[in-house]
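Undergrad: Take this structure first; my questions come after.
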Amino acid sequence: MKGTGEADARRGPRFAATGAATGILAAGAALGAGELAAGVLGTASPVIVVGDALVDNSPAWAKEFAIAVFGVYDKIALLAGMYAAIVLLAAVLGLLALRRPVIGYIGLAVFAVVGAVAVAARRADEPLALVPVVVGALAGEAALLLLLRAARRPGPARPEAGASGEPGDADAQSVSADAAAGGPRRGRSAGIPQAASSRRSFLVAGAGVLAFAGAAGGLGRYLASGVGIAEKRAALRLPPAADPLPSLPRGADLGIRGLPPFTTPNRDFYRIDTALSVPRVDPDRWLLRIHGLVDRPLELDYDALLRRRLVESDTTLTCVSNQVGGDLVGNTRWLGVRLDDLLREAGVHSGADQILSTSQDGWTCGTPTEAVLDGRDALLAIAMDGEPLPFAHGFPVRMVVPGLYGFVSATKWVTDIRLTRFSDARAYWAQRGWAVKAPIKTMSRIDVPGPLAEVDAGPTTVAGAAWAQRRGIEAVEVRADGGPWREADLADVPGIDTWVQWSAEFDLEPGRHTFEVRATDNSGYTQTEERAEPIPDGATGWHSVQITTV
């Protein structure tokens, strides 16, 4: 009967809750210690390292699905999924460990091995990235040992029950004697009080582990956020452009309600990259190498870059993952150093048709050399919209090359530029089957009215944006309900590398209506109606919206 009672207890909800809490708290201690070690050493935390490895090794369709579904929130979704999986696995591991502790210790060791493999795969040139993995594993093992000891703390056996399961006569007499004495007698019928004491012991141990995990993780996150780097960025006073651009044309922004502004605010500029944690690069430690197939390799620190001739450029960036009608596009005024000047100073070899740039987090980008040397405003940018680059957009330095989708032109947190050949080296996305040369396709979008909007019948303004970087937009046409195309009015633009706002007026009867839009660029090319998915070299097709007028 005793064995049966013990087995029942091990299947009970209290046992399951204790096991799950044990595993989750031990995992929390491991994660917190790993975060703290990473913050102290200035390297990536174990979760970020494993997440980076997952991103790198996920099939292309999974990445495309994540961007299509979650857009700029794809990293948040991945991290949320990772933490949810960790909690679930830790709970199961804790439950198993409460029965057989060795399972828990082996499980944490397996997690450490996974982290070590991820470091080797993603950050082999950063040996310090292994330290947080080891520190986290040791902290998790120690926390698990402490919690298991508290949870499995032996207590005296409960009073033996009679055949019916009720306390026997001797037990009843003992309880009566205890009551008469004002409390339980030592060593008699103290199972319930000592069990409560054991639970209190577990709660105290759990609270301690939780406090450690929270404090270590919080401090690690604080250190990883770049102590002092934000203050350095805020204190920067960037030199002005040598020849500042004139103000934007007064008519560049139509000011129509619901139409995104011509200049995208930094806070609203889309962010698509592979960095799960935004790098916080100290400008005082930033260094750029330009090497490879060049005559004179260059090294530049941040101060040296700022002393060079700075130029401004109005340029619209577009992500290749942008669906027809999507919002992964933004426009701003950039400030930076012309990249072609630096390449000519380095002396590019004949045949070096690729600029392979590397981000601080190890991501690589392959840019056609000819696209930088043909005279366009290809920059090592240090500012956007009049302020130093935000951390999420590449502070302290990033690349901006007009006319190419971002995955082949817009390296953030750039630290290395190597001149090479496409036949000799493949960048991150090229290795995964994406295009190696990806000029932005002519595209237009309807922003007003929004999809499924309900508007008043009668005069209706339809408006949006169109872009064809390096070619410019010649015309935008709109039609309602499959009728004749009507040419829209175009706003003014500062050049061919930005998007243009457009608008058209329609007089609508009550009912449901469908609008379609297409653009023609200055080369004479008109958008095709044929739909193509964004990967590998950009989407095609006409954007349409359905509305209801009442």
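Undergrad: Towards the positive end of the charge dipole of the chain, with charges on Cβ (+1 Lys, Arg; -1 Asp, Glu), say which of Ile48, Gly433, Ala463 has the farthest Cα.
TA: Ile48
Undergrad: Within the accessible area of segment 25-98, what % is carbon and sulfur when the probe is 1.4 Å and the other protein chains stay in place?
TA: Values: 2500 of 3120 Å².
Summing carbon and sulfur atoms, their accessible area is 80 percent of the total for segment 25-98.
Undergrad: Under a no-solvent Debye model with one identical scatterer per Cα of the chain, what's log10 I(q)/I(0) at q = 0.09, 0.13 Å⁻¹?
TA: Each listed q maps to, in turn, -0.79, -1.25.
Undergrad: How much area per residue is accessible in segment 347-389 when the probe is 1.4 Å and only protein heavy atoms are counted (Å²)?
TA: On the way: 1290 Å² over 43 residues.
Ligands and nucleic acids excluded, the figure is 30 Å² per residue.
Undergrad: Principal axes first, then extents: for the Cα atoms of segment 32-97, list largest minus smallest coordinate on each axis, whole Å, largest first.
TA: Dimensions of segment 32-97 along the principal axes of its Cα atoms: 38, 34, 19 Å.
Undergrad: With all protein chains present, calculate the accessible area of Trp502 using a 1.4 Å probe and round the result to the nearest 10 Å².
TA: Surface open to solvent at Trp502 totals about 0 Å².
Undergrad: Where in the chain lies the longest segment free of GluC sites (Glu not before Pro) that are both loop residues by DSSP (not H, G, I, E, B) and have at most 11 other Cβ atoms within 10 Å?
TA: Values: sites that count: Glu160, Glu529, Glu530.
It runs 161-528.
Undergrad: Pull out a ≥ b ≥ c, the square roots of the eigenvalues of the alpha-carbon gyration tensor of segment 211-261, then state rounded if a/c is under 1.5, prolate if not and a/b is larger than b/c, and oblate in the remaining case.
TA: Numbers: a/c = 7.82, a/b = 1.94, b/c = 4.03.
Here segment 211-261 falls in the oblate category.
Undergrad: Continuing with the same structure: I'd like to check one number: the per residue accessible area of segment 216-284, probe 1.4 Å, reported in Å² as a whole number. If you can, show how the numbers build up before the last one.
TA: Details: 4020 Å² over 69 residues.
With the other protein chains kept in place, segment 216-284 gives 58 Å² per residue.
Undergrad: Could you tell me whether segment 211-308 comes out rounded, prolate or oblate from its Cα gyration tensor? Rule is a ≥ b ≥ c as square roots of the eigenvalues, rounded for a/c under 1.5, then prolate if a/b exceeds b/c, otherwise oblate. Each step should come with its number before you reach the end.
TA: On the way: a/c = 2.12, a/b = 1.17, b/c = 1.81.
It is oblate, given that a/c is not under 1.5 and a/b is not larger than b/c.
Undergrad: For an R0 of 30 angstrom, estimate the FRET efficiency from the Cβ-Cβ distance between Ser198 and Ala84 and round to the nearest 0.05.
TA: 0.45
Undergrad: Considering every pair of different Cα atoms, what Kirkwood radius, in Å, is found for segment 434-525?
TA: Details: mean 1/r = 0.0709 Å⁻¹.
Computed over segment 434-525, the radius equals 14.1 Å.
Undergrad: Can you compute the helix-only [θ] at 222 nm over the chain? Use -39500 (n - 2.57) per DSSP H run of at least 4 residues, normalise by all residues, nearest 500 deg cm²/dmol. Before the final figure, lay out each step's value.
TA: Details: 13 runs with 201 residues, N = 550.
After summing the helix terms and dividing by residue count, I get -12000 deg cm²/dmol.
Undergrad: Another question about this same structure. Along the Cα→Cβ direction, 7 angstrom out, place labels at Val227 and His349. What is the inter-label distance in nm?
TA: The two pseudo-label positions are separated by 4.5 nm.
Undergrad: Going from most exposed to least, what order do Leu31, Leu88 have by accessible area with a 1.4 Å probe? Present the calculation step by step, with values, prior to reporting the outcome.
TA: Details: Leu31 50, Leu88 115 Å².
Ranked from most to least accessible, the order is Leu88, Leu31.
Undergrad: Something else about it: Output the relative contact order of segment 358-503, whole-number percent, from Cα pairs under 8 angstrom with separation of 6+ residues. Spell out each step's value before the answer.
TA: On the way: 233 pairs, mean separation 27.5, N = 146.
Worked out over segment 358-503, it gives 19 percent.
Undergrad: Sticking with this structure for a sec: Starting from the amide H of Ala383, placed 1.01 Å from N in the peptide plane, find each other amide H under 5 Å away whose residue is 5 or more places distant or on another chain.
TA: Amide H neighbours of Ala383: Leu335, Leu389.
Undergrad: Please work out the FRET efficiency for the pair Trp485 and Asp374, using the Cβ-Cβ distance as r and a Förster radius of 41 Å; give the result to the nearest 0.05.
TA: Working: r = 34 Å, r/R0 = 0.82.
About 0.75, to the nearest 0.05.
Undergrad: Lys/Arg Cβ at +1, Asp/Glu Cβ at -1, dipole of the chain taken about the Cα centre: which of Leu93, Thr367, Asn331 is farthest positive-ward?
TA: Of the candidates, Leu93 comes out farthest on the positive side.
Undergrad: A further question follows. In percent, how large is the relative contact order of the chain, given Cα pairs closer than 8 Å and 6 or more residues apart? Intermediate results must be reported in sequence, preceding the final value.
TA: Numbers: 1074 pairs, mean separation 70.2, N = 550.
That works out to 13 percent.
Undergrad: Here is a further query. State which helices in the chain qualify, where a helix is a whole DSSP H run, it must extend 24 Å or more along its own axis by its Cα atoms, and its mean Kyte-Doolittle hydropathy must be at least -0.5.
TA: Details: long enough: 13-41 (42 Å, 1.14); 74-99 (38 Å, 1.86); 101-122 (32 Å, 1.95); 130-151 (31 Å, 1.99); 191-224 (48 Å, 0.73).
What comes out of the filter, once short or polar helices are dropped, is 13-41, 74-99, 101-122, 130-151, 191-224.
Undergrad: Would you mind getting the accessible area per residue of segment 418-503, heavy atoms of the protein chains only, 1.4 Å probe, in Å²?
TA: Details: 3620 Å² over 86 residues.
With all protein chains present, segment 418-503 gives 42 Å² per residue.
Undergrad: Okay, moving on. Using Cα pairs under 8 angstrom and six or more residues apart, how large is the relative contact order of segment 209-366, in percent? Walk me through the numbers on the way to the answer.
TA: Numbers: 150 pairs, mean separation 37.3, N = 158.
Answer for segment 209-366 is 24 percent.
Undergrad: Give the carbon-plus-sulfur fraction of the accessible surface of segment 210-272 in %, rounded to a whole number; probe 1.4 Å, heavy atoms of protein chains only. If you can, show how the numbers build up before the last one.
TA: Working: 2390 of 3980 Å².
That fraction is 60 percent.
Undergrad: If you don't mind, another one. Working with all protein chains in place, sort Ile473, Ile496 by solvent-accessible area computed with a 1.4 Å probe, largest first. Each step should come with its number before you reach the end.
TA: Working: Ile473 30, Ile496 70 Å².
From most accessible down to least: Ile496, Ile473.
Undergrad: I'd like the FRET efficiency for Val131 and Leu452, computed as 1/(1 + (r/R0)^6) with the beta carbon distance as r and R0 of 45 Å, rounded to 0.05. Don't skip to the end; give the middle numbers.
TA: On the way: r = 53 Å, r/R0 = 1.17.
So the FRET efficiency works out to roughly 0.30.
Undergrad: Arrange the residues Asp282, Asp253, Asp327 by how much accessible surface each exposes, largest first, with a 1.4 angstrom probe. Can you show the working numbers first?
TA: Values: Asp282 30, Asp253 65, Asp327 110 Å².
Ranked list, largest accessible area first: Asp327, Asp253, Asp282.
Undergrad: Moving to a separate point now. For the chain, give the magnitude of the charge dipole about the Cα centre (Cβ charges: +1 Lys/Arg, -1 Asp/Glu; no others), in debye to the nearest 20.
TA: Working: 54 positive and 60 negative charges, 606 e Å.
Dipole of the chain, to the nearest 20 debye: 2920 debye.
The values are calculated or read from the model by the stated rules, or taken from the named source; none is laboratory data. The model shown is predicted, which means the values in this text are computed figures rather than measured ones. Every residue, glycine as well, gets a Cβ built from its backbone with ideal geometry; the counts of neighbours run over all protein chains shown. Side chains included, ligands, DNA and RNA excluded: accessible areas come from the protein's heavy atoms. Shrake-Rupley method; radii C 1.70, N 1.55, O 1.52, S 1.80 Å.
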